[in-house]
Amino acid sequence: MKQFSIRVNGSDHAVTVDPDTPLLFVLSDELELRGPKFGCGMAQCGACTVIVRNKIVRSCVMPVKAVGTAEVTTLEGLAPNPHPIQQAFIEEGAAQCGFCLSGVILTAKVVLDANPQASDREIRDALGGILCRCFAHTRMLRAIRKYADRRRS
């Protein structure tokens, strides 16, 4: 066991865990955050998605020791609350069960932060690694486009 100081959603936290503990378990078990979820445990479904160093990270396979001093942002950490992308999802009714929302919302945010002019195709390609079974894709894409359009205006 080792003590780590990690910065999550703007706050510093001290946790004592095995260095190889997946970041997801630190976020959910130690910090009691519910945005990132355990899905497949193999970085293939996107339910555990967080942002680290302005990049999308699958927290189920990232050991806590790899975080270092980087800021970790979860779905709960988007500010202001709700963040404009979350507001667009609310307005479009773009969520059903919510299991994939960390992956969808955080991925879309990172893509649009890097490229505010991202095409629908680029957004869909980025979201390709996130599994969603609710069939809310059309509403999700509409919400993401609404967010992107509002950012540009």
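The values are calculated or read from the model by the stated rules, or taken from the named source; none is laboratory data. Please read these numbers as outputs of a predicted model, since none were measured by experiment. Only protein heavy atoms, including side chains, enter the accessible area calculation; ligands, DNA and RNA are left aside. Shrake-Rupley method; radii C 1.70, N 1.55, O 1.52, S 1.80 Å.
Points worth noting:
- Estimated from helical segments only, the mean residue ellipticity of the chain at 222 nm is -9500 deg cm²/dmol, where each DSSP H run of four or more residues counts as -39500 (n - 2.57).
- Over all distinct Cα-Cα pairs of the range 1-81, the Kirkwood formula returns a hydrodynamic radius of 12.4 Å.
- Computed over protein heavy atoms with a 1.4 Å probe, the accessible surface of the chain works out to 51 Å² per residue.
- DSSP bridge pairs, the chain: antiparallel proportion in percent, nearest 5: 90
- The distance from the alpha carbon centre of the range 23-50 to that of the range 79-125 is 18 Å, rounded to a whole number.
- The fraction of accessible area contributed by carbon and sulfur in the chain is 52 percent, rounded to a whole number (1.4 Å probe; ligands and nucleic acids excluded).
- Compactness relative to 2.2 N^0.38 Å, alpha carbon Rg of the chain: 1.02
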